[in-house]
Structure formats: C-alpha cells, structure tokens
Amino acid sequence: MTTVMSHPDHKSDRSEPHTGTLLNPLRTPAITADLLPMEVFVSRRTRRIGRYATFALVLVTVLLALWYGLEIMRTASAETTRDETLGTVQGLKRQQAKFDELVKTQAQAKAINAQLNSLMSNDMLWSQLTAAMIAVAPDDVDVSGISAAVPATGVETTAAKNIIGPPSVKVIGSLTINGTGPRKDVIALYVDALDTVPGLANAFLTSATEGEKGFEFSIRVDISAGALDNRYKPSASPSAGAGQ
C-alpha cells in the first residue's frame, strides 16, 4: 500500500521557501492511498491477459474455419470437374459404340490386305514383262519360248551382283528365253537389250547352236524387284495399283 501526503490547493513553486507549507498548520493535508490488495491486482492482470489470449484463439479459429471452408469449396469444384470429365468420356464412348461395325470392318479390311500382301508379295505383271521382252528383240530374232523360275512365297531372296547398271539388285527369280537368230552379233544385241527392260537384270547367253534356220540360242536373265506388281503393298497408292 502507498500513501502520499500533499498540501491542498498548493502548487509547488521553487521560488517559495519550503517553510511556506507550515504557515497554516491547521489545514488538513491531502492524503492519497492505493489500498488495492496485490492479489486483486494480479487477478485483474491475469483476466486481462486471458482476454487477449481468448481473442487470439478466436482469431486463429476463424482463420482456420475460413481456410477449411475454402478447401471444401476447392474440393467440391474439383469433384464437379471430375464428374463433368467422366460424363464427357462416357458420352464419347457411347458415340464410339455407334461406329463399332465400321471399326471392325476397317480392321478386317486391313487384315485382308496384309494377307494379300503376304500371298502376292512375288506377284508380277507377266503380260507386261513378256511383251517388253519381245518388243526389244531385233526384227530377225524369233522368240520361241519363255520359262520362269520363281521361288515360293515366303522364301527369302538375296541380292545378286549386277554386271550392268546398279552395283547390286534384289533377285526374285530368273527367266530362260529360247529362240533363233540369224547371227551371233544379232543375238548379242538382244542380250544387251534385255538389260534395259524394267524388272530384268544380268542377262547373259547360255548357249547358241547353229541350225537350219540360224542360231538357236538360250538366254538366262534375272528377275529383279522392279518387276513386282506391288498393288497390295500398304505404301502403294490405290491409283498406282489401278494403273498397273
């Protein structure tokens, strides 16, 4: 407890002597006393700190509630987007189901084309090839027969050295041409001319025997990949296959 004593209505003045306060000893001096117990003071301060702590706790709780509500809104928005996406996917699947028959037909057509490509991999345009061989023959050369030796489908072919033209050529078979010519030099011209036919390579004379009508000859020539039809190859365009 604190007690303070002062003269009533007296203002301190440094110019006034200190003995001035004793001129009227009968006047009652002012007394100020703090009679508040320490326990009450501590209790009030504790309550004030408690109010501050309660306010801070309420503020943190409000902030957490706002954050939680925001997260709930975000979650609801994400779920809505997910549901819309799933609905779109289901709609696309239903639309795709309408074209199942078309897809199956396209797959079957693709499988058929693959089988045809495998079966007809060594298919050649024989009419064009034989017509070209006869067309390059000199006027005095008579072609009496043409026989072919082509391996079965699926048999691997090898690259053979090309004497005239590119350094190598993929050989898929061979042809034997029989006929008659008046002279050997004319037959040699025919051998050279066969190398100019697309799809043929490495023509050479295997025999030339003189007979009553001239020289009976036999020529062997390789069939290259250029003689293939290729109409069923996936890379070949429909117009190219139709033109052949």
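The values are calculated or read from the model by the stated rules, or taken from the named source; none is laboratory data. Please read these numbers as outputs of a predicted model, since none were measured by experiment. Note: ideal-geometry Cβ built from the backbone for every residue, glycine included; neighbour counts use all protein chains shown.
What to note about this one:
- The sole residue among L194, L189 that is more than 13 Å from A208 (Cα to Cα), surrounded by 18 or more Cβ atoms within 10 Å (Cβ to Cβ) and at pLDDT 90 or above is L194.
- Test: residue in the stretch 115-135 that is among the small types (G, A, S), assigned to a loop (DSSP other than H, G, I, E, B) and at pLDDT 85 or above: no
- The residue that is modelled with the lowest pLDDT, counting only those in the stretch 207-244 that are within 56 Å of the chain's Cα centre (by Cα) and hydroxyl-bearing (S, T, Y), is S239.
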